[in-house]
Amino acid sequence: MSESPMPGMAKPATGTTPTMVSSATAAGGAIGGTTVAAAAATVVAGSVANNGSNSSANPNGGSSSSVAAASQAEPDMKGWLLKWTNYLKGYQKRWFVLSKGVLSYYRAEHGAGAYAGGRSAAGKLSIRRRRKGPRPENQAEMAHTCRGTISLHGALIHTVDSCTFVISNGGTQTFHIKAANEVERQSWVTALELAKAKAIRAMESDEEEEDNSANTIPSEELNLVVRELTVRLENLKTCYDLITKHGAALQRALSELETGDDLANKTKIVSERATLFRISSNAMINACSDYLQTAQTQGHKWSKMLQHERDQKLHLEEMVEQLARQHSHLEQAANRHRPNTATSASDDEDNEFYDAQGEGGSISMQEDSSFILNIPKTTHHNHRRNSNDATGSSSEGEEGNSETQQVLVVTDNLDNMDVTDRISVNSSQALTPTLSSQSKVARKRRTRVPDKPNYPLNLWSIIKNCIGKDLSKIPMPVNFNEPLSMLQRLTEDFEYSEILDKAAQTKDTCEQLAYVTAFTVSSYSTTSNRTGKPFNPLLGETYECDRTEDLGWRCINEQVSHHPPMAAQYCEGRGWRCWQEFTMTSKFRGKYIQIVPLGYTHVEFPATGNKYTWRKVTTTVHNIIVGKLWVDNHGDMEIFGERNAKGVKCHLKYLPYSYFTRDTQRRVKGVVMDSGNQVKWVINGTWDSKIEIAPVTSTSGSTENPVYKTGNYKTAWTRRVPPPDSEKYYNFTLLACQLNEIEPNVAPTDSRLRPDQRLMEDGKWNESNQEKLRLEESQRARRRQREAEAETAAAEGRPYPPYEPVWFGKEKEQGTDNLVHVYKGTYWDAKAKQDWSKCPTIF
């Protein structure tokens, strides 16, 4: 949703300017926080009297530990800001609190007193009575009144203008915030960047500690700790013996002092005995402290290990339960003659682990050409990039319209078609020629890669510690990978670019969108048997693919963000250009891995000015633990027309795989509608085989439940048959085999030059794993250096520029305040000049 307020909307006055503590005054050297640390420490201690000081310095005679504790309890930053809510309310005044890597906000009448300090108890009570609502004085109250939060460790922070900035975690949460002035905006942005850096460091340190704890052999660690505690205990016994000895001697000396005559000499003896006793006591105290520290340290580690084992036990129990349910369903299915009875959504949920059927399931035209489709009544404006949509961050936004319209699509019986029509429908090969037939250049490209080595690997021993985590942030051995990077996998989207060539020649907008829809489906064709994980690109890594002479297109990709991982791509072909900003969330839940794309893809046809936008559907990898790995793509895809194609849209549904269904597996069905919401074209097929399109010839039925009759289907896309021995080399297609082929004169950051990926392709997996660890550690070192420079700049009161990509720049998206990465148009000129001076050293 746009951040721009409605015309004539009054700008609410921002109140309190956010306060920050410099690194010189914040306890423990923390940057950020309020200037009432000493007062807050007194409140925490329970004393509310004589609390008028606002100084952050430690008071004379005060406890430094209490001040440090108060500093940790204080937020990094807080203050009044304006937050965009929706088009009805515009920007609203909210109280923001930045603490421990999380930005939270509260309603104007609730959150202001979350951290009160510098007032007497009576003064605070009287002020509270005058307010409209209660002021949260503790964490429980704050959580109750909190209106929204966003974690910063994977967030993107954009500056829109002198007063406005945007915080987004990659698409699921977005805050549009406006400050009172540029100084206040810069203070917040600086504090947010520092908090993000600290959150990333804390997350990585916790993961490293957890991995170290999980990978340590319990028996060895137990023996080490027992030996260490035994040594500490022996020291305690020795100190106890010394204290007993010197204490007895001191007691005798004191007794002799009462009865003896030589007072001066005996006083000297008492003093010596007292000194020895004091030394022994100090040694005892130190030994006790060492023993306690060792026990506490190991106790904390053991507690984390115990909690980790408990979590693993729960996950294993859940998976065993799932397997038991699946076994029961399979037994029931075996007793049926035709296991095609439709089941409920809950049954589909339980059937996630069934092995997928073979590839290439074709559509039975008589059975599958007619179907029912529920179309959501959603406008383009509310769908695209709405910060308060169903996946948004705020509870203040308007609720999305969940109404749907049911349409019925019917087709004439193909038996009535003559032979010529049948051949033209079923054998349309003009749109999908093979790569070899298109290639007309002298250069000979390779047709395969080296075979995949057969290295044994204990899968469960590695992935059991990854349950519930984001896979894009977990270092995995190359045994799970394929010798391509994510940038190269994105380039595979254009394997069937001839569909876009055909769309560019189409005059009718709705028919053009039908071909674009077929192109979006074709990008999933290789996922049916490609289960290898691509390499995560390093920040600044690029990939170019220039196939202008044989395939008619060229593209450039760049990894533009590391936290969260984000890639930008730009491709131009014959009469079209396509670009996307790709980011995703991926979670491993024990029984499956789910990948949810968050970025948008755009294609534009300059000749007509038509532009179309869509977001990819969810991909799920099943049978991680039990059975053969298989991939399913499912969900709804909305393709919206923009500019000259505004109002035209396509609703496409990828049916989830289900063992008990009458539908063809991997089925895709959808409709193309014009600006009047009338269905003009029908889409039908499977995402691993082919897509057919047909025009609507007539409409009947009611307005709420229309019936659309279509003409003859024609093939818009057919998958090329993979080479028969492709299973030996990662199930690569011909284009995939050529993506990592060495090219001359590419940028030094190109994925082809990545050493660990090249070693894996050559079959040297052990060396590849070592090189992969080196590259990842080098990337972490560069990030830590940038964070240290940012903290130094903040301490000096000057802004620190964030990382900027080389070939893509951030620009405001048309119609919104969202910043997206747009191709600068300079890469191919730099390649022609061989000017790579702007490229960082990453390999």
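The values are calculated or read from the model by the stated rules, or taken from the named source; none is laboratory data. Remember, it's a predicted structure, so these values are computed and weren't measured experimentally. For neighbour counting, all protein chains shown are included, and Cβ atoms are generated from backbone atoms with ideal geometry for every residue, glycine included. These area figures cover heavy atoms from the full protein model, side chains too; ligands, DNA and RNA do not enter into them. Shrake-Rupley method; radii C 1.70, N 1.55, O 1.52, S 1.80 Å.
Against the criterion of solvent-accessible heavy-atom surface with a 1.4 angstrom probe, LYS178, LYS709, LYS772 sort, most first, into LYS709, LYS178, LYS772. Among the trypsin sites (Lys or Arg not before Pro) found in region 590-631, those both in a DSSP coil and sparsely packed, with 11 or fewer other Cβ atoms within 10 Å of their Cβ, are LYS628. Remark on region 225-330: ratio of C-alpha radius of gyration to 2.2 N^0.38 Å is 2.19. Considering all C-alpha pairs of region 562-713, those separated by over 19 Å amount to 66%.
Measure up LYS616/LYS714; LYS616/LYS680; LYS680/LYS812; LYS502/LYS709 against 29 Å on the Cα-Cα distance and list the ones that go over. Working shown, then result.
Details: LYS616/LYS714 24 Å; LYS616/LYS680 23 Å; LYS680/LYS812 34 Å; LYS502/LYS709 25 Å.
Going by Cα-Cα distance, LYS680/LYS812 fall outside the 29 Å limit.
Of the listed peptides 791-802, 760-771, 668-679, what is their order by residue-averaged count of other C-beta atoms within 10 Å, with the highest listed first?
Numbers: 791-802: 13.8, 760-771: 17.8, 668-679: 20.1.
Those peptides, ordered most packed to least, come out 668-679, 760-771, 791-802.
Along the axis of the charge dipole computed for region 460-829 (Cβ charges of +1 for Lys and Arg, -1 for Asp and Glu, origin at the Cα centre), the listed residues MET760, THR583, VAL560 are led at the positive end by THR583. Ranking MET566, MET305 by solvent-accessible area of protein heavy atoms (1.4 Å probe, all protein chains present), from largest to smallest, gives MET305, MET566.
How much area per residue is accessible in region 460-829 when the probe is 1.4 Å and only protein heavy atoms are counted (Å²)?
35 Å²
A probe of 1.4 angstrom, applied to the heavy atoms of all protein chains, finds CYS650 with accessible area near 0 square angstrom.
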